[in-house]
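Notes follow the structure.
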Amino acid sequence: MDACATLPPLITAVVHPVDAAALEAVAEAVRENLITPVLVGPYDRIRESAGSAGIDLLNWQIVDVPHSHAAAEKAVELAGLDQIHAIMKGSLHTDEMLAPIVAQGSGLCRGRRLSHSYVMDAAGYHKWFIVTDAVVNIAPDLLAKADICRNAVDVWRSLCREDRLPKIAVLAAIELINPKMQATIDAAALCKMAERGQIADCLIDGPLAFDNAVNRRAAENKHIISAVAGDPDILLTPDIEAGNILAKQLTFIDNADAAGIVMGARIPIILTSRADRLRTRLLSCAMAVLIANARDEGRIK
């Protein structure tokens, strides 16, 4: 939030914002000068929800479309015309919003797999970190995991100006390679890909079980010699179920601050759960601003 104070607001298409929670998040982001909203959805439903939430839409642009599918498609069209510079999820399912983005001819995909990064600040860890992918990729294969790593590195570089490489821990149930456990095989391959420069600008180690990934003493007790173990910046989970459970445990039990973003497209996609707190939605908008700024400055592609 502090880093966004001197940056201009991001013109953002808010897709199908037809409930009070979605509009409250938009209103708060506007108050913090993070976004300039373009509400895309059914005009009457947006007005009705704004009225129930006590939100004045007088200075907000509304693009009237009949339903959520049309709203997602219209947001992609506006992005293609360079009329908006970010897309924000409103009151619709994630797959419904992403479908027109990944569709052939959308103009938003850059040849890299879309993936979601949750930036987390949890009391039990010594620094903020990223959990990926907890939302988009169900059972990513090796090449998808490589893109997930690349996208998470871009998020890290957008938020951090430290002169060092981010550390990625590739999580599995165990820290040894077992041919019966695909996550361990993928982890070993990702390490070699990073070593050979196929995945750039990061350090990768794995497979690592969660305990020896985030706790140096646990790693030492298992005689793991690693520059990553105990100090990762990015936790790459084996599949969406592991990632989703981990992220929600951190936010709903540990009360971690969180911000969610989808990377891999030409513009940032602000994507949070409908159960997420207002603060999570606000921090996600701030993260999109920083990502757009990092692209403008050439720090990420």
Might you let me know whether the range 193-210 holds any residue that is in contact with an Asp or Glu (Cβ under 7 Å, 6 or more places away or on another chain) and surrounded by fewer than 23 Cβ atoms within 10 Å (Cβ to Cβ)?
yes
Inspect all residues belonging to the range 237-256 and state whether any of them is among the polar types (S, T, N, Q), crowded, with 23+ Cβ neighbours inside 10 Å, assigned to a loop (DSSP other than H, G, I, E, B) and in the same structural domain as V135 (by TED's automatic domain parsing).
yes
Filtered residues of the range 189-206 (kept if under 17 Å from A144 (Cβ atoms) and part of a strand (DSSP E or B)):
I204, G206
Among the residues of the range 83-107, which ones are buried (at least 21 other Cβ atoms within 10 Å of the Cβ) and of a type in the set (A, V, I, L, M, F, W, C)?
I84, A86, I87, M88, M97, L98, I101
Pairs please, first residue from the range 53-73 and over 13 Å from P42 (Cβ atoms), second anywhere and of a type in the set (S, T, Y), Cβ atoms under 8 Å, 6+ apart in sequence or on different chains.
none
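The values are calculated or read from the model by the stated rules, or taken from the named source; none is laboratory data. Remember, predicted model here, so these are calculated numbers, not experimental data. So basically every Cβ, Gly included, is an ideal-geometry build from the backbone, and we count neighbours across all protein chains shown.
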